[in-house]
Structure formats: structure tokens, C-alpha cells
1. Could you look through the stretch 36-69, keep only residues that are outside any helix (DSSP H, G or I), of a type in the set (Val, Ile, Thr) and surrounded by 14 or more Cβ atoms within 10 Å (Cβ to Cβ), and pick out the one that is modelled with the lowest pLDDT?
2. Any idea which residue in the stretch 9-35 is nearest to Ser80 (Cα to Cα), counting only those that are at pLDDT 95 or above and among the small types (Gly, Ala, Ser)?
3. Going by what's in this entry, would Leu74 be described as part of a helix (DSSP H, G or I) and touching a residue at least 12 places away in the same chain (Cβ under 8 Å)?
Amino acid sequence: MRVLVQYVAALCTFLFSTVAALYEGSEIKDHPFEWRSSAVLSQWVHGEVKTSSDILVVDYLVYAAKFKPFFPLLLLLASSIS
């Protein structure tokens, strides 16, 4: 029972920190000067990122990890609990 509670808590923390990191990382859309260095995966897929719609969601996590690392670190911590 104790292990189940730990897994549920880790899952809730993982989901919350994912949403929070994606929310914080969505600021990349407002900072076009960061697209070249933070939207790495989008550049691999689309080539040069010209508009904010070219940015992939996974690059939100890259941006959040780069500038606001609390929730991405919490996400990694929650995912490492096994």
C-alpha cells in the first residue's frame, strides 16, 4: 500500500510539473531571438524556425529547462522514482 501511494504521488507530481514546465516554456513563442538557440528540435524538423507556429511542444521543455529549471527538474525527479 505504501508503494502504491508513492507511485500515485510521483505520478501526480510528474503530471503537474509537466503542465507547469510546458506553460513556462511556452514563453519561447514571445522571444524570437531565442528560437535559434532554444528551439533545437524544431530546427531539426522544420529547418529554420520562422514563426512561432514552427516551434514543437518539446522545445517548450528545452526553453523551460534553460531559463526556469525548477519544474523540469521536478519532472525528472518524479520520473526517476521507481
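The values are calculated or read from the model by the stated rules, or taken from the named source; none is laboratory data. Every value quoted in this text rests on a predicted model; they were computed, and no experiment measured them. Glycine gets a Cβ as well: all are built from the backbone with ideal geometry, and neighbour counts include every protein chain shown.
1. Filtering the stretch 36-69 for residues outside any helix (DSSP H, G or I) gives 39, 47-51, 55-57, 68-69.
With the extra rule that they be of a type in the set (Val, Ile, Thr), the set shrinks to 49, 51, 55, 57.
Adding the requirement that they be surrounded by 14 or more Cβ atoms within 10 Å (Cβ to Cβ) leaves 49, 55.
Numbers: Val49: 92, Ile55: 95.
Among residues in the stretch 36-69 that are outside any helix (DSSP H, G or I), of a type in the set (Val, Ile, Thr) and surrounded by 14 or more Cβ atoms within 10 Å (Cβ to Cβ), the one modelled with the lowest pLDDT is Val49.
2. Ser17
3. In short, yes.
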